[in-house]
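Contents: one structure, followed by commentary.
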Amino acid sequence: MFRLAVLGSTGSIGTQTLQVVEKFPNEVKVSALLARRASDRLLQQALRFRPELVVTYEEPSTEWLSSLPEGTEHVLGDEGLEGAVSLADKVMNAVSGVSGIKPAYVTLKKGKTLLASNKESVICLGELVRKNRDRVVPVDSEHNALFQLLEGVKREDVRFLYLTASGGPFKDWSLEDMKGATREQALRHPRWNMGEKITIDSATLMNKGFEMLEAMNLFDLDLDSIKVVIHPQSVVHGVVELKDGSFLMHASQTDMKIPIMHALFYPERKTYPFGRTTLPQLSPISFEEVDTEKFRSLYLARWAGEMGGVYIPVLLGADEEAVRLFLERRVGFLDVVELIEKALSEVDIGDPVSIDEVLQAVEWGRKKVREIYEREYAEAV
């Protein structure tokens, strides 16, 4: 039995992680849960799994604290984060956005196994991730698929890795039509039910740009070896092209519990307990080239990755703020990527050398987008 801390336990990945854990009560002990708020969902999770520690970043009410099960302690903020990681053998980092960077940093610094669902941390902590690659298991469906495929081949035989993208809601829209895309239209993802921020990143394809940077750090490959293709059915999650012309593909139904279960128990494989699909049910399968005229986000992410250093956390911060402005209806859909590009072109700070400076660079990207918005967009809207 291993001890598991679930960070971001009330979000989509955290909730599904606990659904998997429930099926294996004799093999996993939930030692800690962490969430931003002391919500009813977190309380119910604590009552169900009875961890030693529950962590929140907002002060709970006295009534909420008194409802925790006997033997469960509550600790606030980063002190609680340190404690949660210390109690675990494996840490599921399901904290969303840039808030997940510090949890990944603490996990790797403490020598724990990181189950990496938070892409921002893998991108920003590239050097730390590369140094500790044997203790990082990717959870995102695409990187988990590539992780499994690469185990079976020699690295020198790999020609390209392919990340698959559904294409989002605007795959078949013209660039002209995308100018008028609304918040509601951008949030209608054709395959996955996700939070608003990541759904907009999927609509711009910036999420695939981030995933290229993740793959670079996780698998120690040049960006030139990492490609993105449109795959509308979302059942092939990763493809490896070998130098002999072979393509190895990883396919499964669109269910995040499959890569979660693989990551939790790696290197052992467990029988999937949630119902199965058949190969014909995964058909048909098709692939298309990405229209880079419409989706310039891939170019920007690749450029930031090639520049390295401060440009990567700035990219993340700029994207968060630009997406927020779109969700608040202050800018148009195509303005999201335009704002990010302008922020990257105005970078005038040095490369970060500590976790605090990484987070400061993310915030610099946010502030720069706000500054550009006030300077160039506010009056137009």
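Each value in this text was obtained by applying a stated rule to the coordinates, not by laboratory testing. Since this is a predicted model, take the numbers as computed values, not measurements. So basically every Cβ, Gly included, is an ideal-geometry build from the backbone, and we count neighbours across all protein chains shown.
Points to keep in mind about this one:
- More than 18 angstrom apart: percent of Cα pairs within the range 308-381: 33
- With a cut-off of 13 Å between beta carbons, the residues surrounding R159 carry a summed charge of -2, where Lys and Arg count +1 and Asp and Glu -1.
- Stretchable slack from E346 to Q253, in nm (0.36 nm times residue separation minus alpha-carbon distance): 29.2 nm
- By the count of other C-beta atoms within 10 Å, a proxy for reagent exposure, E58, E363, E211 are ordered fewest to most as E58, E363, E211.
- Counted charge near V55, where neighbours are those whose Cβ lies closer than 13 Å (Asp, Glu -1; Lys, Arg +1): -4
- Size of charge dipole - the chain - debye, nearest 20, with Cβ of Lys, Arg +1 and Asp, Glu -1, no other charges: 1160
- Alpha-carbon centroid distance for the pair the range 252-288 / the range 9-57, whole angstrom: 23
- The length gained by stretching the chain between R36 and L76 to full extension, at 0.36 nm per residue less their Cα-Cα distance, is 13.4 nm.
- Per-pair calculated FRET efficiency, R0 = 56 Å: R276 and S354 via Cβ, rounded to 0.05: 0.75
- Arranged from fewest to most other beta-carbon atoms within 10 Å of their beta carbon, M178, M1 become M1, M178.
- Restricting the GluC sites (Glu not before Pro) of the range 268-327 to loop positions (DSSP other than H, G, I, E, B) with no more than 11 neighbouring Cβ atoms within 10 Å leaves E268, E289, E293.
- For the chain, built as a Gaussian network whose Cα springs stay under 10 Å, the top-fluctuating residue of R36, R330, R155: R155
- Kirkwood Rh in Å, taken over the chain so that all alpha-carbon pairs contribute: 21.5
- Measuring r between the beta carbons of E328 and R188 and using R0 = 22 Å, the FRET efficiency lands at 0.75.
- Once C-alpha pairs closer than 8 Å and six or more residues apart are averaged by separation and normalised to the residue number of the range 131-218, the relative contact order reads 31 percent.
- Local net charge near D244, Cβ-Cβ under 15 Å (Lys/Arg +1, Asp/Glu -1): +1
- Taking the chain as a Gaussian network of alpha-carbon nodes connected by springs under 10 Å, the highest mean-square fluctuation of the residues G97, G168, G195 belongs to G195.
- Residue among L221, L87, L65 with the largest mean-square fluctuation in a Gaussian network model of the chain, springs linking Cα atoms under 10 Å: L65
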